[in-house]
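Visitor: Take this structure first; my questions come after.
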Amino acid sequence: MPHTLQLPFRDAMAACASGVHVITTDGTAGRYGITMTAVTAVTDEPPTVMLCINRQSAIVPVLLENRAVCINVLAAGQQDVAEHFAGMTKLSPEERFEYHIWHRGRNGQLQVEGALAHLHGTLTIQSEVGTHWVFMVEIDEIAVHDGKTTHDPALVYFRRRFGSLA
């Protein structure tokens, strides 16, 4: 993409409200997590989700080795989780896990308590596209949580700010 389109493209994408997720991975390459909005359902048979991650992100080599992830779909009350894993606070990547309650799914991946849903899966396909890696994750474990009510709002990111969506 010509450099002249980079800023307008980013501004246009900021005008799209997106759900907020924390992607975690744990395995032989270590434990890591990041906040993401570039998370998209691809197909429900088999259940597959696409993750788009900047090639410079420290999670990329960890993901490529570990191959397993948990996609934590954050509730509106979890903005602090999103900020920690987005690097908006001074916490180290390891310290970010100390400020929240975590459980492990069947595949051993970390899921944050209070999320609206947890999707556990394995990387099946990866490809480099421009500045990003595109990962396909085949989902093998899903937990959807009702929380206090069935109307808990989702955490969203819109125009470079966090908000909520009921």
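The values are calculated or read from the model by the stated rules, or taken from the named source; none is laboratory data. Nothing here was measured: the structure is a model prediction, and the numbers come from that model. Neighbour counts run over all protein chains shown; Cβ positions are idealised from the backbone, glycine included. Note: areas computed on protein heavy atoms with side chains; ligands, DNA, RNA excluded. Shrake-Rupley method; radii C 1.70, N 1.55, O 1.52, S 1.80 Å.
Visitor: Tell me, what is the per residue accessible area of the stretch 18-144 in Å², probe radius 1.4 Å? Don't skip to the end; give the middle numbers.
Guide: Values: 5940 Å² over 127 residues.
Solvent-accessible surface per residue comes out at 47 Å².
Visitor: Let me ask something else about it. Where nothing but the Cβ of Lys and Arg (+1) and of Asp and Glu (-1) is charged, how large is the charge dipole of the chain around its Cα centre, in debye to the nearest 20?
Guide: The calculation lands at about 480 debye.
Visitor: What are the residues whose amide H is under 5 Å from the amide H of ARG31, where those residues sit 5 or more places off or on another chain and H is modelled from the backbone?
Guide: Long-range HN contacts for ARG31: none found.
Visitor: Hey, in the GNM for the chain with a 10 angstrom Cα cutoff, which one of CYS16, CYS70, CYS52 fluctuates hardest?
Guide: Evaluated over the chain, the most mobile residue of the options is CYS16.
Visitor: If you average the alpha carbon positions of the stretch 12-91 and of the stretch 100-144, how far apart do those two centres end up, in angstrom?
Guide: 8
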